[in-house]
Every structure is written in C-alpha cells, then in structure tokens.
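One structure is given here, and the rest of the page talks about it.
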Amino acid sequence: MENTNINWSNKSDQAILESIGAYVKQKRLEINKTQAQLALEAGLNRWTVTQIEKGEAISLVSLIQIMRALDILHLLDIFSTKEKISPLLLAKLAKKKKQRARSPINKPLQSDSSW
C-alpha cells in the first residue's frame with residue numbers, strides 16, 4: 001500500500017506540478033479518454049492537456065477547466081470558507097433567544113352589525 005501522506009511543503013514547485021500532472025493523467029485514463037477528447041470537453045487544445053500531464057505549468061483557469069471535464073472539482077472543497085461567529089456575538093444572540101411562549105392578546109371582535 002502506497003503512503004498517501006505526502007508532505008507537500010517539502011516538495012519543489014516542479015515536483016508538485018509533476019504530481020498534479022500524473023494525477024490528471026491517471027484520472028483521464030480511468031475514464032478512458034484521450035488527451036484530445038479531454039481537451040475538447042474542457043474547451044482547451046490538446047497541447048494544454050499534454051503540458052499539464054508532463055508536469056509543465058498551465059494557467060489556473062485551464063486547470064479548473066480540466067478538473068471540470070474530469071468531474072473532480074470536488075477536490076477544491078478544501079478552499080471553501082465558513083463564516084465564523086465571535087463568542088461575544090454568539091452570547092448576545094443566545095440572550096435574545098425566545099425563552100417562553102405567550103398567548104396572543106385577545107382583541108374584541110369587530111362585527112359588521114349596527115347594534
């Protein structure tokens with residue numbers, strides 16, 4: 001079994017590009033597509049797909065297009081941000097939270113009669 005705990009910070013930029021390229025190539029082959037087919041689906045030329053698979057630099061937009069065509073955009077989930085609420089605001093909101101139910105105030109019914 002291969003060790004999947006890669007220390008990315010110890011890799012050079014070129015080594016990271018090569019790892020990304022190998023991953024793209026592996027995914028492309030898993031879905032049985034040629035470079036030309038992947039390029040067509042991604043809206044790119046085959047040369048761009050060849051470049052990334054060889055570990056060469058391509059634009060981030062091109063990488064996103066390739067990821068979309070490979071259906072691996074979920075790998076970008078790590079970049080999502082969540083809004084954090086401060087502890088003080090959380091405490092203030094907890095104080096304002098409704099503590100009990102109240103019955104509605106009974107108002108006299110208005111009738112249309114002329115009595």
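In the range 64-102, what count of residues is obtained for those that are more than 14 Å from the chain's Cα centre (by Cα) and within 18 Å of residue 19 (Cβ to Cβ)?
Here the count works out to 2.
Could you grab me the full set of residues in the range 50-71 that are surrounded by fewer than 17 Cβ atoms within 10 Å (Cβ to Cβ) and among the charged types (D, E, K, R)?
Residues satisfying the conditions are 54, 56, 68, 71.
Considering only residues that are surrounded by fewer than 16 Cβ atoms within 10 Å (Cβ to Cβ) and under 22 Å from residue 13 (Cα atoms), which ones fall in the range 27-49?
Across the range 27-49, the qualifying residue is only 47.
All of the numbers you see were taken from the coordinates with simple rules; none came from a lab. Small disclaimer: the values here were computed from a predicted structure and weren't measured. Glycine also receives a Cβ, built like all others from the backbone with ideal geometry; neighbour counts cover every protein chain displayed.
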